[in-house]
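Notes for the one structure printed next.
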Amino acid sequence: MEPEVTIVRNAQRTPRAAGIAGVIFAVLLTTIMVLLRLAAQSEPIGSNGWLKNAGIVWATRLVPFTGIAFLWLIGVARDRIGKSEDRFFATVFLGSGLLFTAMLFVASAITEAILAVATQTQMSMATWELGRRFAALLMNSYAMRMAAVFMVSTATIGLRTRFMPRWLAISGIVIAVILLLGVELSRWVEVLFPLWVLLFSLDTLVESFKGRASPVLTS
């Protein structure tokens, strides 16, 4: 029987899907962060003017799509790693990614709830300030540190399995350390996380197109 040439389409589509999802996530999260930072800078401390800020409204509307793209990235990234993944780091990778997504959603839900209540009733200064600080603390302190753990675990798996370039893995660890220790110094440091995801996603796309014509011979 003559060998049949079978193109493994799923193996090519999976990393490509990871790359596309990562690019979408990076763009959306960067947009959200920029909108929030600009809104915070445009309103004086102690002012409730941010309740009517269009940037805050649009940022909360983009969060669900950002989370979906990130979950898709996690799933297909695990598929790209394959059977060679280390169970310990794979568990940390998955857990930190899910926690980051959950905290992102909760922070957004709190913000949207405050905005909704503020448009219907007269909200006291203490109430909206409590909600604002709680959402900011959840996102800036906890979610971003989970993002740092996600980067460390992903980069470590990348170094062990060589499924990503060494420079990308090392830069991920460096950025993760910066997020863990320096996120309180400047909120703009947070943008390094989606930037690294963007680089990882573009590398995934490049690798998927390089191997798009790799056939598998089966008898």
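Only the coordinates and a few stated rules stand behind these numbers; no lab work does. All values derive from a computational prediction rather than experimental measurement.
Global dimensions of the range 84-139 from alpha-carbon coordinates: Rg and Dmax equal 16.5, 57 Å. Ranked from largest, the principal axis spans of the Cα set of the range 100-193 equal 56, 24, 14 Å.
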